[in-house]
């Protein structure tokens, strides 16, 4: 049976249930087939969902939040929860200017580089995409101010540059990143993460205003009225199914599709081994939105990073990904023993190096990159938050190879790749790997001695300098230092991964989901990683995922809560 027939059959069943129960006393104008009816239903409880719930509840709407996971937080819970918020109040307090036109140029230039035209009315990008960027700039700071002024959260600025702040379009390179204020006695790894803290505080704010969170509730279908308005959800709760009605709208904030392996294979621009997304990020809204006739967009892109392959093949939901590779006496080489990327580039940019295709050899030569470092990195006392996966002691880790010489390290790497062959398409080292590796190390050491990377410009951008180690005495840079002339040496196998995907149903500047005809689907909204991101291919800066998620979750809730209350017929 084709998908459209399935949808029609499902809709007929729901309508039959509605017809059978008409006239039964289950609330004003709603039949007894509805187990519950509220103004706004929010699906998913990460940053986007929690902000939507808090905003809708603050407006006076009745709200229920549904999450199929056993607890709240989603992918946000795994993060420090930095939020990229242009034109925020701290920028003004520090005497800086985040000009609207300049910010839009920065966002458009990096999100849609093949379309960008600074002289064009909409900067060369489609008008609907431009309006999304405008909506983000115009609402982001107000969103945070509302939550702060209402007492829901506290935030503070993080003085990190944007990821493309070296480009001339960025006229406000520092100051757009905010993060939740954590207690003075906060203990990382023991207390809830910054992300979980943000979600908990927003949900407490929403709860004080009557909102309710139901975990273990998986939305499996949407229900439409005869007027083709989305009026509720069919929800799987334990072994049963319930219908929850929405008088004003349903807001999806259910995460991306990173952990649906078939969707990742079908849609993403290259192969991935896994990533830090919640294990419940399985593309629910791609399927459900398609059932409703939604247009899909940005499906090839994700918030890219690198994963430790020997961990990702055990558990696709990795949590600990490689965001800023630690240390100065470290480099990455491919199966040919050659560097293929600026090792200090932001994770979103570095992760894409794995997708380079060699048409002559018919392979991804950088599918796996081998992070090679010397013993000084293990011995350093630097407790950088970016240290992982470089160990801080001598306890063995199965994903870290160690050998006294590069010759022995190559032998060990051969053996590891043989064991991984069923997961990697049989990637092996080229016969010239060892000789090329020795040559690459010699060339890298020369660059480190001069303090300049003539091949990949390592350590040159503001964000790379901000995240660099403290330079060693006499070093030219905190980003590079010659590898030691003698071992032991260490190696970790890295592969492509992501924080989550960022494609799905297309939304407009009000966060309304659009149909294939470009018109809004009545009563249906989306925000966060489950919809087509306004960031396109870009990752604007630290907090570039959560900033738009919180903003568009709020936009969705404001618009939905302002709608007239509907009835199912």
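For the reader, a short list of remarks on this structure follows.
- The peptide list 69-79, 310-320, put in order of mean Cβ contacts within 10 Å with the highest first, becomes 69-79, 310-320.
- Part-to-part distance (alpha-carbon centres) for segment 46-110 and segment 520-569, which is given in Å: 10
- In plain terms, the chain from residue 404 to residue 439 could stretch by 10.8 nm, reckoned as 0.36 nm per residue minus the Cα-Cα distance.
- Taking the C-alpha atoms only, the angle from helix 47-58 to the longest principal axis of the chain is near 30 degrees.
- Bridge type composition, the chain - antiparallel percent by DSSP, nearest 5: 70
- For the chain, the longest principal axis of the Cα atoms and the long axis of helix 406-424 meet at an angle of about 30 degrees.
- Taken along the Cα-to-beta-carbon direction at a fixed 7 Å, the label points for residue 131 and residue 564 span 2.2 nm.
- As a rough guide to protection, the peptides 357-366, 238-247, 398-407 ranked by mean Cβ packing within 10 Å, highest first, stand as 238-247, 398-407, 357-366.
- Overall Cα dimensions of segment 381-435, principal axis frame, Å, largest first: 37, 26, 18
- The modelled label-to-label distance for the pair residue 287/residue 476, using points 7 Å beyond Cα in the direction of Cβ, is 5.5 nm.
- In percent, rounded to a whole number, the relative contact order of segment 306-498 is 36, using alpha-carbon pairs under 8 Å and six or more apart.
- Added length on full extension, which subtracts the Cα-Cα distance from 0.36 nm per residue, residue 184 to residue 457: 94.5 nm
- Rg over Rh, two decimals, segment 182-257 (C-alpha only, Kirkwood Rh): 1.10
- Note on residue 465/residue 228: beta-carbon distance plugged into 1/(1 + (r/R0)^6) with R0 of 45 Å gives a FRET efficiency of 0.25.
- Tensor-based shape of segment 115-229 (alpha-carbon gyration tensor, a/c under 1.5 rounded, otherwise prolate or oblate): oblate
- Peptides 181-193, 539-551 ordered by packing proxy, namely the average of other Cβ atoms within 10 Å per residue, highest first: 539-551, 181-193.
- Distance in nm between pseudo-label sites at residue 517 and residue 35 (7 Å out along the Cβ direction from Cα): 3.3
- The ellipsoid equivalent to the alpha-carbon distribution of the chain has semi-axes of 44, 26, 21 angstrom, derived from the gyration tensor eigenvalues as √(5λ) and listed largest first.
- Converting the Cα gyration tensor eigenvalues of segment 433-527 into ellipsoid dimensions via √(5λ) gives semi-axes, longest first, of 48, 18, 12 Å.
- With Cα atoms, 0 to 90° folded angle of helix 127-149 axis to the chain main axis: 90
- In this calculation the C-beta distance from residue 419 to residue 395 is compared with R0 = 30 Å, giving a FRET efficiency of 0.90.
- Global form of segment 306-498, assessed from the alpha-carbon gyration tensor, a/c cut-off 1.5: rounded
- Relative contact order of the chain, taken over Cα pairs closer than 8 Å and 6 or more residues apart, is 23 percent.
Each reported figure results from applying straightforward, stated rules to the coordinates on display, with no laboratory input. Because the structure is a prediction, the values reported are computed rather than measured. Backbone-built Cβ (ideal geometry, glycine too); neighbour counts: all protein chains shown.
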